[in-house]
Amino acid sequence: MKIDWEALGSVFGVSLVVTVALVALFTLGIMGLSRQERATAQGGSAALAVTGAYACFAACTAAVAYGIYLIVA
């Protein structure tokens with residue numbers, strides 16, 4: 001049995017980058033919701049923060065759905 005170490009390293013690198021990107025997107029979404037709560041407590045409006053947070057969560061959902069599609073297909 002011969003292991004293709006280059007392909008294995010490539011898969012590891014891509015999965016590491018995608019994982020870090022998903023964590024960063026989710027963190028940005030949480031930060032957006034946190035800013036919305038802070039603005040509401042101060043009596044302001046934070047529609048842009050909420051929209052950005054939902055966009056980040058939608059991007060996370062799309063990336064996970066695409067990953068599941070790649071596994072199933």
Considering residues that are open to solvent by 40 Å² or more (accessible area, probe 1.4 Å), modelled with pLDDT of 90 or more and hydrophobic (A, V, I, L, M, F, W, C), the number found within segment 34-55 is 1
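Do we have Ala58 as open to solvent by less than 50 Å² (accessible area, probe 1.4 Å) and assigned to a helix (DSSP H, G or I) here?
no
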Sole exception among (1) open to solvent by less than 100 Å² (accessible area, probe 1.4 Å); (2) within 19 Å of Ala58 (Cα to Cα); (3) of a type outside the set (Val, Ile, Thr) for Phe26, by number: (1)
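Within segment 1-22, which residues are of a type in the set (Asp, Glu) and either surrounded by 10 or more Cβ atoms within 10 Å (Cβ to Cβ) or in a loop (DSSP other than H, G, I, E, B) (or both)? Let's see the steps before the verdict.
Our first condition is that a residue be of a type in the set (Asp, Glu); within segment 1-22, this holds for 4, 6.
Across segment 1-22, the qualifying residue is only Asp4.
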Return the pair list, or none, for Cβ contacts closer than 9 Å from residues in segment 1-21 that are within 28 Å of Cys60 (Cα to Cα) to residues that are open to solvent by 100 Å² or more (accessible area, probe 1.4 Å) and not in a helix (DSSP H, G or I), at least 6 apart or on different chains. none
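The values are calculated or read from the model by the stated rules, or taken from the named source; none is laboratory data. Note that the coordinates shown come from a computational prediction; the quantities given were computed from them, not determined experimentally. Quick reminder, even Gly has a Cβ in these numbers, built from the backbone with ideal geometry, and neighbours come from all protein chains shown. We work out accessible area using only protein heavy atoms, side chains counted, and drop any ligands, DNA or RNA first. Shrake-Rupley method; radii C 1.70, N 1.55, O 1.52, S 1.80 Å.
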